[in-house]
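Notes follow once the structure below has been shown.
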Amino acid sequence: MHIKKMGQGPDLVMLHGWSMHSAVWHNLAEELAKHFTLHLVDLPGHGQSNWQHGALDLDVLIGRLGEELPESAYWLGWSLGGLISIVFADRFPERVTKLTLIAATPCFVKTANWSCAMEASVFNDFAANLSVNQAETLHRFLLLQARGSQHSRDTIRQLAHQLAVEQPPVLDALQAGLKLLIELDMREPLSTLSCPVQMILGDRDTLIPEAMLLAAKQLHPKLQTRVLAGAGHAPFISQPLECQQAIEQFINE
């Protein structure tokens, strides 16, 4: 697994979202690296990380992350990366000092008692279309992430640029990532996390409604939340300064 290390200071692990890779953090990482030693992970089959069958099976993935990342660190996860970070913090509570979740939720799919999420059919459609036209499907997801943001054009441009920096994600890795988004329900583990947890969400996120924050606080009453006005699903791109300030305030308080 490719993990880029940069900066100086306390260790901070950063996990990207579905279909992307660690270069997506570029602007935010440049600023955070002034105060933290960053561990920028490329998930298996993404960016510079090779793909092996089963590499995104949850037990395998968490085991690899456990082997290659610091014994104790702050963690920051975006979207799918946030979901995986909850799993890691649940499995290794002593290794996650604080956890920041950006545009992430403990359950991405609607259920009978979890309405603040997406219909499973949305992710199933992406999974079905990937095999037909991977490039077009990834572009559709990129548009979905940027939709609603006050800076949607700039967000689309930056996401598209970062996608082009590395070779496209491996199809099997994309399918495996979607499987995690569809099947993982980390609501109960979130409720029992011992580390401080922060959620940062854009009020125009088209994948995660703002109402999710209230539902998450019912699960984890000490949860700290921050809503960024005018931001979509990639607030660290559209509002990097606000994200940086929120993250550093949470870590340093």
Within the chain, what is the longest stretch that has no trypsin sites (Lys or Arg not before Pro) placed in a DSSP loop and near at most 11 other beta-carbon atoms within 10 Å? 35-221
Filtered pair list for region 3-252 (Lys only, Cα < 25 Å, 8 or more apart or interchain) has a length of 10
For R140, placing the label point 7 angstrom along Cα-to-beta-carbon and taking region 77-95, residues whose amide nitrogen sits under 15 Å are none
Please name which of A127, L15, P221 has its Cα lying farthest along the dipole of the chain towards the positive end, using unit charges on Cβ (Lys, Arg +1; Asp, Glu -1) and the Cα centre as origin. P221
Pull out a ≥ b ≥ c, the square roots of the eigenvalues of the alpha-carbon gyration tensor of region 1-96, then state rounded if a/c is under 1.5, prolate if not and a/b is larger than b/c, and oblate in the remaining case. oblate
So for R0 = 22 Å, FRET eff. of S194-C116 from the Cβ-Cβ r, to 0.05, ends up at 0.35
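Treating only the Cβ of Lys, Arg, Asp and Glu as charged (+1, +1, -1, -1), what charge dipole size does region 3-252 show about its Cα centre? Round to the nearest 20 debye. Present the calculation step by step, with values, prior to reporting the outcome.
Numbers: 18 positive and 25 negative charges, 89 e Å.
The dipole of region 3-252 has a size of about 420 debye.
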Report the Stokes-Einstein translational diffusion coefficient (µm² s⁻¹, integer) for the chain, Rh taken as the Kirkwood radius over Cα pairs, at 25 °C with viscosity 0.890 mPa s. 137
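Here, each number is a calculation from the coordinates, and none is a lab measurement. As the structure is a computational prediction, the values presented were derived from the model and not from experiment. All Cβ positions, even for glycine, are placed from backbone atoms using ideal geometry, and neighbour counts span all protein chains on display.
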